[in-house]
Structure formats: structure tokens, C-alpha cells
Amino acid sequence: MSEQASTPTQQDLDTLSRQLNRPVRDVVEIPARCVCGNPLVAATAPRLTNGIPFPTTYYLTHPVITAAVSRLEAEGMMRTMSERLEHDDELARAYRNAHEAYLAARRDVGERAGTGPVPEIDGISAGGMPARVKCLHVLVGHSLAAGPGVNPLGDEALAAIAPWWTAEKCYCVGAWDADAPVPSKDLSRHVRRLDAGKD
């Protein structure tokens, strides 16, 4: 995706807020889009403007994909994948490489965002990488952003949601209320100030 295509517009930010039903924050780029152009994934700065470190660089936003991945989690796919990592050396090696790729991508996003180093999350990627699987949404977001062949378990999960979502078709109509007011109240735990509770 070209840099211009990945740069979020105000319309992108409004769409993301409607998709998530909360105001988005510190979005640096849109690394994956629907065939219609709507965002699928948001890339977030590794340090939010309120000072809080934010390790989840690639945040899955599209409600249809999010719901489909939640089905996989409910069916136990994370447990099965974590067990496979314990016994499949080749898979474990590829997953460690995905972890390193995620860290490199975060550094790149941080540079573009101008946040500088974030020592609190050095060496920590997301989704349970590199040793286990604790969030398929993170892995699918990574696969959509990075493309096939980077995150093997993200690629597997992406293939497994094909009954509900595929990259070749638009699933946006009705997935969120495109005419609703853009959400302005953020109930996320990440809105607290880094120094909350201090006098």
C-alpha cells in the first residue's frame, strides 16, 4: 500500500471511531483496507498522547472480522495453537520471526509518529508472541497489515474466517452505522492519564 493510501484521512478516523464505537486515538496509518477503501486495521503509535505505552501496534477494527475472529477464540483455537507451538519447532521459529517483525514494525510506526523510544514495552510485542497465543485479533490484524507469510498463526486464523469474511469482497454495509454521530466519549482504560492518582 502506498504511503498516501495508508495515511489516515478524517473520514478514516471517523469510520474507525464508528467501527469501534469510541473515539480513536493516535492512529498513524491504515495498513489494511477493505476493497471499498474502508479501514480494516489501524496502526497506533506505541506511546499515546496521554503518555501511556501502547503495545498493540496493529488494531483490528472491522466489526465483521472482529466478530469472526471472536468465534475462533470461542472455539478454542488459541489453546490449540499454543499447544502446537510447544511441539512444532518450525512453527515456533516462524512465530518468533513474526514477533521480531512486529517489534520492527512498531519501531517504524513510532518513528513516523515521532514518539521516540518506548522502553516500557521493549521486547514485548502483542497477542502472546513469541511463545503462546492469547489474542487472535492481534495476530489477524498483523497478518492483514503485513501481508501473507509474516505471521503464520495470523495467516491461519485469517484463512479460518473465510466463511464470514474474505479480502475479495466488501462486508461494510450494515457492519456499523455509517450515519451515526462520531463517538466522542471514550470509556477505554487507555484514556486514563499516566500519572492518574498522583497528587
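Results for (1) over 19 Å from residue 112 (Cβ atoms); (2) modelled with pLDDT under 95, shown as yes or no for each residue.
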residue	(1), (2)
13	no, no
18	yes, no
26	no, no
30	no, no
36	yes, no
44	no, no
49	no, yes
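In region 171-186, the qualifying residues are those that are touching a residue at least 12 places away in the same chain (Cβ under 8 Å) and out of contact with any helix residue (DSSP H, G or I) (no Cβ under 9 Å at 6 or more places or on another chain), and the one that is surrounded by the fewest Cβ atoms within 10 Å (Cβ to Cβ) is 185. Within the bounds of region 105-122, is there any residue that is at pLDDT 95 or above and touching a His at 6+ places or on another chain (Cβ under 9 Å)? Yes, region 105-122 contains a residue that is at pLDDT 95 or above and touching a His at 6+ places or on another chain (Cβ under 9 Å). Among the residues of this structure, residue 41 counts as one that is touching a strand residue (DSSP E or B) at 6+ places or on another chain (Cβ under 9 Å) and more than 23 Å from residue 185 (Cβ to Cβ). Total residues in region 105-132 satisfying the condition of being closer than 19 Å to residue 7 by Cα and either not in a loop (DSSP other than H, G, I, E, B) or not hydroxyl-bearing (Ser, Thr, Tyr) (or both): the figure is 10. Cβ-Cβ contacts under 9 Å between residues 6 or more apart (or on different chains), taken from a first residue in region 50-71 that is touching a residue at least 24 places away in the same chain (Cβ under 8 Å) and at positive phi to a second residue that is outside any helix (DSSP H, G or I) and surrounded by fewer than 21 Cβ atoms within 10 Å (Cβ to Cβ), are listed as 51/193; 51/194; 51/195.
Could you run through region 147-170 and say how many residues are part of a loop (DSSP other than H, G, I, E, B) and either surrounded by fewer than 19 Cβ atoms within 10 Å (Cβ to Cβ) or β-branched (Val, Ile, Thr) (or both)?
Number of matching residues: 13.
Residues that are touching a helix residue (DSSP H, G or I) at 6+ places or on another chain (Cβ under 9 Å) and not polar (S, T, N, Q) were ranked within region 4-21; the one that is farthest from residue 165 (Cα to Cα) is 8.
Would you call residue 59 among the hydroxyl-bearing types (Ser, Thr, Tyr) and within 15 Å of the chain's Cα centre (by Cα)? In short, yes. The set of residues in region 10-24 being in contact (Cβ under 8 Å) with a residue 24 or more places away in the chain and not β-branched (Val, Ile, Thr) consists of 12, 14, 16, 17, 18, 19, 20, 21, 22, 23. Put simply, of 91, 136, 144 the only residue that is in contact (Cβ under 8 Å) with a residue 60 or more places away in the chain and surrounded by fewer than 18 Cβ atoms within 10 Å (Cβ to Cβ) is 91.
The values are calculated or read from the model by the stated rules, or taken from the named source; none is laboratory data. Since this is a predicted model, take the numbers as computed values, not measurements. As a convention, Cβ positions derive from the backbone with ideal geometry for all residues, glycine included, and neighbour counts pool all protein chains shown.
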